[in-house]
Structure formats: C-alpha cells, structure tokens
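Visitor: Submitted below is the structure of interest, expressed as structure tokens.
Throughout, read-outs are computed from the coordinates displayed, never taken from laboratory work. Everything quoted here is computed from the prediction, not taken from an experiment. Using ideal geometry, Cβ is built from the backbone for each residue, glycine included, and neighbour counts are taken over all protein chains shown.
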Amino acid sequence: MGLNKDSQLSFQRSRKDRTKSYEYVLEPSPIPLPLEKPQETRVLQVSCGRAHSLVLTDHEGVFSMGNNSYGQCGREVVEGEIYSESHVINRLQEFDGRVVQVVCGQDHSLFRTEKGEIYSCGWGADGQTGLGHYNVTSVPTKLGGDVAGVNIIQVASYADCCLAVSDEGDIFGWGNSEYLQLACVTETTQVNVPRHLPFKIGKVKEAACGGTGNAVLNEEGNVFVWGYGILGKGPNLLETATPEMIPPTLFGSSDVRVKHLCCGLSQFAALNERGELFVWGKNIRGCLGIGRMEDQYFPWRVTIPGEVVAVACGVDHMVTLVKSWI
Amino acid sequence: MSAPDGCAKGPKHPAAFRHSSTPCCRGTAFRDAPCGRKRISAPAQEVWWDLIPRRIWRSEVPGAGAMALHGGSRREAWLTVPGRGGALGAWLRLPGGLNSLEQRSPRQHVRFLPGFVEGEAGKELTPVATRLPVLADHPLVKGPRFTRLKVGAGHRLDVKSSGVFVLGVGQGCRLLTDMYNAHFTKDYTVRGLFGKATDDFSDTGKLIEKTTFDHITREKLERILAVIQGSNHKALLTYANIDLKTQEAYELAVKGLLRPTEKSPPLITAIRCLEFAPPEFQLEIQCLHETQQYLRKIVHEIGLELKSTAVCTQVRRTRDGFFTLDKALLRTHWDMENIQKAIQDSRLTVQTELEKSLGHLERAAYDEHIEMDQVEEGDASR
C-alpha cells in the first residue's frame, strides 16, 4: 500500500472504474504477480525505492515494477513511457545464479546472488550502480572493483550511497559521498567503483545506509555510525568521516546486544536481542514513534506492547512487525 | 567510703543514684544526659562513685537490665518486643557486641609519685616519674564506648510487604540522605489476582466487588503495561528538568543518569509481566518515589483497565538502588558478625555508586554557582 503514481504497486484496479488504477493505495492490497506456478512459488523479500519496487521469489526470480525512466526496473528505457496505470511487471532473469537479496536505492536497484556477486541497474549519476561510469544502466550488470571475487553476504542502500558486507567482515562502499560517507578512501564526492573501506571496527555483521549517514553493526553487537546528520551521539556530533561507536548502554542494559539495524532517510532503528526497538534521527511528523515531535539525538526506546521481530523505515514513517509476549 | 543518703544496698546499686539529690538525676531517667559534665558543678565529694557518670548504669547489658531501662518511650517501642533474645534483639545487642571487641588501650601519662630512691643518706623520699594510665580512660570510669547506636531506615517498606530494606548504622545514616537524593530506582515483584476488588487493594481487605476475568489474555495485559510505561516515560523527562536536545542530556543518558532530580510523584520506569496464569499474574516493576500502596493501586487500576478487577497479593522489593536480594541479610543472620561483614562488603559499592550519581548533580550546581558569580561581578562593575 502507499503511493502508486508510477505503478510501483502494479495495477490496482479501481472499484469505480475498471480501467483505472488507484494512485494512492490506502489499505493492504494484493499484487498480482505473473507467476508460472502461483501455488508453489513463495515471495521471500520485497524492497521499495522512490518510484519502483522489487519482489524476490524463491523459484521464479525477481519481479520489478514501477518507474523505469532510469532503467531501474531492469528493462529497456522507453522514451515517453507513461508509468501510472501501467500493467507492466518485468521478470528479471539475466543473473548467473539465484538471487537471494534485492535492494532498492532511490532510483537504482541492487541484486545479490547466492554466489556472493552483486548486480546493479538504474541511475548512475552518483556512481551508485558501481559499474565504473556515471550513465544509466537498464540491464542488471555484475559489479567489479574491490568486490570482484569477494563473497558478499549483505548489500544495503537507501538513497544514493551503497554498502556491501563480505563474509570476512569487510565493508565495501560506492555511490554518493557528498556527506563524507566514503571520505576515508577518496576526496571525490562520487565513487562509481566499489572500494574497500578500511575501518578498524571489528568484524562487520550488518550494514545499513541512510540518506546522509551510514551505520554498521559488528559481531559484538556494537553500532557504528558515520556521515552527516543526526547520527545518534548527541547534538554535537553532526558529521564524521570515520565510524563512531554508539555506547552500548544507550541500547538498554549492557548485557543485551543489538541484533538488527535499519535506516530510513534520516532516521535509524536498532533492534536488540530482547525485542526492544531503539530509534534516533530526525522526527519527521513523528515517524520515530516516541510520543514527541522533536528530533531525537540519541537512541531512545519505543514502548511497544510486544516483542519486535522486524522493522522497516521509510522516508517519513516506520513499520515494525511485533510478536506478542506469550 | 560510705553509701549516699537513703540507700543501704551499697555504692554500685542503681537505686543509690536514684535516691541522691543531685539535679541531673531528677526526671531525666532514660535520657543520655552526660552526668559526668554536670557533676563538676556539684559539691565536691570524696566518695569515688560520685564521679562515675550516671551513663554507666544504662549501658547495654545483655539481658534484663537493657529491657528494663529502655521501656517506655514510644520511639523505642519496637525495641521492647519480647523477642529480645531473638532476631530483633540482635540490633539491641549490637552495642554490646561492639564493646566486646578489642578497645583502644588507655592513654598513658607521666605522674610524679613519691617513691624511695637510693640517695646519699640511704633511702630518700623523692618524686619519681612513673607512667600511669589516665584514670579518665579506664573502662569502669568512662563506661562502655557504645551504649546506643543510631540505626536509620532507608526507603519505607510497609507491614504487608517484604524484601530488601536498607538500614544505616551510626555514621552510615548520612549516606542514607545521599541515597535519597540520588533518586535510585527500586525493583519490585508484585503478584496479583484477577476477579476481586477490595477497599485497600490487597487481598486481606474488605471485599467490594467480584468480576469475571475469562476475557483477559496476556496480550491485553501487555498492552496495558506498555501504555503505563509510555505515560510514565514522558513524566520522567519532565521531572528530569532537562532538554533532550542538549549534549548534556546525551551524556546523562549514556551514563544512565537521566532521572528526576527533584521530588516527583511516583514514576514507573519499567513494568513487565513475568507470569500469567489467570487468575494469578506476576509483574516486575521498576519505579521511583513510590509507596507500596501505590503499587497495589496500580494493580487495581490494571484490573479496571482490563474491564475486570484485580487485587494485589504480594509486594516484594527485590532491589533498592544498588542493594539486591543476594546481598541482603536474612532474619536468621541478624547478628554482629554478619552485619559487620555486610557493611564492609558494600562499602566500596556504596561509595562508587553515590559518587557516580551525585557527582553530576554537584557539578551542575558548581556550574550554576560560577555563572551566578559572573553575573554578580558584571553587576558590580556597572
């Protein structure tokens, strides 16, 4: 549900007029995927970008829908194509191996296969496709640079900066670096080839990219942040090029570790082992859920009547999946 | 040495003093009047026991003497409980126990006493310097060192509750005020029962209402608990008097010191359900500035929110600041050695925790002080 002006939620037939689709979907509505075996195929993961979305299934690959003006849906850019009320759902099959994770940036898409390789397509003016050029790519192409030959276990992106985590705990980054996200390796503001980021923060388990700031979680459960904006270490830390650790005491008692990290455009969310949710960042229209409308400069616990299992952040809203304590 | 007037029983009998007519002995029977001082103004007497302070007779003699002398005043009523040989009596016997430990040896001074010394004409009587213990330091003169010990109580625990109860002994009573000002949180396990409502919110009160509770599920209970926690959270910030957008707030939060700094109504910082087996349930509550009756009222209100009723069956404090159950002394362990050991063990923790919590308050006060000075200087210079 949500915005459907570019058919990123596919054609949602309107009840008043069968030829028209809803521009705003206000309640959870099913998306009709063109599956060959609809009874057996299951959807594993979904990801949403600014105006496009990707759906990952277990047997039938990746489906993409929505805006394709920069090739982010993985098909040829058609001049003058009208994306609203479009029925087009594209199935992507040009991958060497099975895709296990899909990530949508603002106007680009990243795919990770089980071999540990990364493919990308979409807008590349900030180098976020990581293919060595700043042009638009409409076919998913494998990434080279420092990630060639490395087994990548997680990819993250939100706006125009991308991070990848290898199985040995190394971090690779490419894309926009206007906010010092990649300033440790280069002074240019756009990086179009994946570069290894030599941070000494232990073995990295998970990475998350926000609009202007990035965060990683290492094996011991510590959260490191860098970039620009409200990073979570008080109002004095507004930008940094090297990762700074957020004191674990802010995430509840010191014996419970953070197990999952998520970024929105200017918010961060962390989940600890006890199922508690901690948020910080800009509180756009109260998206942090802390009961106040002011920005939160350090991690603050959200009172939720249950154990939080998963969390996802949008531009100005946040969704959590909660399990009851029983 | 003759007995004073009116008493034939002998010089050491307490009755002797009661009969004497010196001013300090009249009407101040059980007070700690240091008679030794007042005696200076009394007529000089050669009777040696008149120089003995009256206090000596009120010393903590284990057994009948203590109880007879301490009875009467309301403040010490609890000390007159007949179990003086048992658990409570241990607190009375503390001074006695302390007295039985090794005491300081008496001071020595040099006196010139007449003595025989080998001189030119045989044995001569000359002053000979001898080192003698000072009579004023003799235990029979000054009396036992400890007659009473001040025992102060920490946060109140009412009669129907149980758990950790912090006491301060002697000089430790000062630390009790520090602990109070540090506004530590306390942990309680509260057991409740659905289906009944009584007038004093506990199961021993007068029954007012009985309701059904089959519709109550653990999920609903948890939702209510989350609401309680959330509403108390906001109150926590208001009374902490701090703007969350400042660096100071961040630093306090890192250290875990974001707490009310002044008197506030009872606040619950964390509440969760430990067990749920209708009609019984058990909650763990972490709170500040509360009373046990307030916790019982919370249980009652939870019952009302769930469209049923509830009473509280047990309130047990499991932690008071940094004193936890595992360090607490059981009733059977209320004796001299255990109390001493407990004080020694916790001394370091108490010091560090109080410093941590009160340190930042003092620093804040110091900064304010500096600012005020600067303002005054500014005014003066005009």
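Visitor: So if R0 is 41 Å, what FRET efficiency would A:R18 and A:K115 give, r being the distance between their Cβ atoms, rounded to the nearest 0.05?
Guide: Rounded to the nearest 0.05, the efficiency is 0.40.
Visitor: Around B:E305, with a cut-off of 11 angstrom between Cβ atoms, what is the net charge of the other residues, counting Lys and Arg +1 and Asp and Glu -1?
Guide: +2
Visitor: Would you work out which of A:V223, A:L238, A:V302 lies farthest towards the positive end of the dipole of the range A:210-325, given +1 charges on the beta-carbon of Lys and Arg and -1 on that of Asp and Glu, about the Cα centre?
Guide: Result: A:V302, furthest along the dipole toward the positive end.
Visitor: Now, a different point. List, in order, the whole-Hz ³J(HN,Hα) value for each residue of the range A:233-239 obtained from phi through the Karplus relation with A = 6.51, B = -1.76, C = 1.60 and θ = phi - 60°; use x for Gly and Pro.
Guide: Karplus-based 3J(HN,Hα) across the range A:233-239 equals 10, x, x, 7, 9, 10, 7 Hz.
Visitor: In addition: In a shell of Cβ-Cβ distance under 13 Å around A:V88, excluding A:V88 itself, what net charge do Lys and Arg (+1) and Asp and Glu (-1) give?
Guide: -2
Visitor: Determine which lysines satisfy two conditions relative to B:K196: a Cα distance under 19 Å, and not lying fewer than 8 residues away in the same chain.
Guide: Reachable lysines: B:K160, B:K206, B:K210, B:K220, B:K297, B:K307.
Visitor: Can you bin chain A into rounded, prolate or oblate? Criterion: square roots of the alpha carbon gyration tensor eigenvalues sorted a ≥ b ≥ c, rounded for a/c under 1.5, prolate for a/b above b/c, oblate for the rest.
Guide: oblate
Visitor: Under a cut-off of 17 Å between alpha-carbon atoms, report the lysines in cross-link reach of B:K327, not counting same-chain residues fewer than 8 places apart.
Guide: Reachable lysines: B:K186, B:K341.
Visitor: Restricting to Cα pairs below 8 Å that are 6+ residues apart, what does the relative contact order work out to for the range A:1-60? Please round to a whole percent.
Guide: 30
Visitor: In the Gaussian network model of chain A, springs joining C-alpha atoms below 10 Å, which of A:R257, A:R50, A:R13 carries the largest mean-square fluctuation?
Guide: Sorting by GNM fluctuation, first place goes to A:R13.
Visitor: Considering only A:I290, A:I118, A:I304, give the residue with the highest GNM mean-square fluctuation for chain A, with springs between Cα atoms whenever their separation is below 10 Å.
Guide: It is A:I304.
Visitor: Next question. Please list, in chain and number order, the residues 5+ apart from A:I152 or on another chain whose amide H is under 5 Å from its amide H, with Hs placed from the backbone.
Guide: Residues meeting the amide H criterion: A:G116, A:E117.
Visitor: Is the C-alpha gyration tensor of the range A:9-89 telling us rounded, prolate or oblate? Criteria: a/c under 1.5 is rounded; beyond that, a/b larger than b/c is prolate, otherwise oblate.
Guide: Taking the square roots of the gyration eigenvalues as a ≥ b ≥ c, the range A:9-89 is oblate.
Visitor: Which residue fluctuates the most in chain A, going by a Gaussian network model with Cα springs under 10 Å, if the choices are A:V155, A:V302, A:V223?
Guide: Greatest mean-square fluctuation among the candidates belongs to A:V302.
Visitor: Taking amide H positions as placed 1.01 Å from N in the peptide plane, with prolines and chain starts having none, which residues 5 or more places from B:A270, or on another chain, fall under 5 Å of its amide H?
Guide: The list, which skips near neighbours in sequence, is B:Q286.
Visitor: Would you kindly derive the ³J(HN,Hα) couplings of the range A:152-161 from the backbone phi angles with the Karplus curve 6.51 cos²θ - 1.76 cosθ + 1.60 (θ = phi - 60°), listing them in order in whole Hz, with x for Gly and Pro?
Guide: Once θ is set to phi - 60°, the couplings for the range A:152-161 become 8, 10, 7, 10, 9, 6, 9, 10, 10, 10 Hz.
Visitor: Would you work out if the range A:210-325 is rounded, prolate or oblate? Take a ≥ b ≥ c from the square roots of the eigenvalues of the alpha-carbon gyration tensor; rounded if a/c is under 1.5, else prolate when a/b is larger than b/c, oblate otherwise.
Guide: oblate
Visitor: Would you mind calculating the relative contact order of chain A from Cα pairs under 8 angstrom and at least 6 residues apart, reporting the percent as a whole number?
Guide: 9
Visitor: Can you compute 3J(HN,Hα) from phi for each residue in the range A:192-203, using the Karplus curve 6.51 cos²θ - 1.76 cosθ + 1.60 with θ = phi - 60°, rounded to whole Hz and x for Gly and Pro?
Guide: 9, 10, x, 10, 6, 9, x, 8, 9, 10, x, 7
Visitor: Also, I was wondering about something else. For A:K142, give me every one of the lysines with a C-alpha distance below 26 angstrom, ignoring sequence neighbours fewer than eight places off in its own chain.
Guide: Within the straight-line limit of under 26 Å, A:K142 reaches these lysines: A:K115, A:K203, A:K205.
Visitor: Normalised by the residues of the range A:130-188, what does the relative contact order come to in percent, with Cα pairs under 8 Å and at least six apart?
Guide: It rounds to 22 percent for the range A:130-188.
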